[in-house]
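To keep things clear, I will list the structure first and then write my remarks on it.
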Amino acid sequence: ETLTLEDSESLIEWNNTDSPYENSICLHTKFEKQVQKNPNQNALYFKDQILTYSDFNKHANRLANYLLEKGVKVEDKIGICLDRSFEMMIAIYGTLKAGATFVPMDPKSPKERIAMVISDARLDIIFSTKEKSTNLPEDGNCIYLDNILESPLSENDKNPEVDVKPQNLAYVMFTSG
């Protein structure tokens, strides 16, 4: 079937979905606005668990405030050696809220690969779980997030005030090739 000029104009108009993107604020700040709008709506679903925007934000705030209490500064690199889970999402979001940079690592990677990433990225802190930390070096500063939903690392669940800008580094990826 042949498209006519009128058809193609309609397609162009229909596909014109450009919209302004506010790039002067950070991702975590945009998410905080969503939390304010919809605190009790579901934000995360994983297996049979659900976290609301408010609960997810509070867990991430506790983790971010813990990092700040430990002296983490903007663009410090934090390793995240976790499978997909609530803990992984809280670790990523909490790291961003602290202004730090997250460095994801696959817990199934060989010890040598993980050690290279830790060394190359100069990671001082690594988030993992006891089960997933078997390939981590024993001398690393590993923080276990096994019970992060039940026993937070910090009692402070307020949004941290950190001077982080959209231009700051958010993550570092190590690829295999």
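The values are calculated or read from the model by the stated rules, or taken from the named source; none is laboratory data. Just so it is clear, the model here is predicted, and its values are computed rather than measured. Backbone-built Cβ (ideal geometry, glycine too); neighbour counts: all protein chains shown. All accessible areas refer to the heavy atoms of the entire protein, side chains included, with ligands and DNA or RNA removed. Shrake-Rupley method; radii C 1.70, N 1.55, O 1.52, S 1.80 Å.
Which FRET efficiency, nearest 0.05, do ILE25 and LYS47 yield, Cβ-Cβ r, R0 41 Å? The partial results should precede the final answer.
On the way: r = 32 Å, r/R0 = 0.78.
That gives a FRET efficiency of 0.80.
Could you work out the helix-only [θ] at 222 nm for the chain, with each DSSP H run of four or more residues adding -39,500 (n - 2.57) and the total divided by the number of residues, to the nearest 500 deg cm²/dmol? Don't skip to the end; give the middle numbers.
Values: 5 runs with 62 residues, N = 177.
That comes out to -11000 deg cm²/dmol.
On the full set of protein chains, 1.4 Å probe, figure out the accessible area of CYS142 and give it in Å² to the nearest 10.
Its heavy atoms expose roughly 40 Å² to the probe.
Please give, to one decimal in nm, the separation of the simple spin-label points placed at ASN38 and THR134, each 7 Å out from Cα toward the Cβ.
Label at ASN38, label at THR134, 3.9 nm between them.
Please find, in a Gaussian network model of the chain (springs between Cα atoms separated by less than 10 Å), the residue of LYS97, LYS130, LYS73 whose mean-square fluctuation is greatest.
LYS130
Once Cα Rg over 2.2 N^0.38 Å is worked out from the coordinates, which option in (i) 1.09; (ii) 1.15; (iii) 1.26 does it equal?
Label of the calculated value: (iii).
Determine the alpha carbon to alpha carbon distance for each of LYS47/LYS130; LYS30/LYS58; LYS132/LYS158; LYS130/LYS165 and list only those over 25 Å. Could the numbers behind the result be given before it?
Numbers: LYS47/LYS130 20 Å; LYS30/LYS58 15 Å; LYS132/LYS158 29 Å; LYS130/LYS165 33 Å.
Correct reply: LYS132/LYS158; LYS130/LYS165.
Using amide H atoms built in the peptide plane, which far-off residues or other-chain residues are under 5 Å from ILE125 H to H?
GLY79
Quick one: accessible surface of VAL74, probe radius 1.4 Å, all protein chains present, in square angstrom to the nearest 10.
My reading of the accessible area for VAL74 is about 50 Å².
Can you tell me, using C-alpha contacts under 8 Å and at least 6 residues apart, the relative contact order of the chain as a whole percent? Walk me through the numbers before you get to the answer.
Values: 255 pairs, mean separation 44.1, N = 177.
With pairs under 8 Å counted, the relative contact order is 25 percent.
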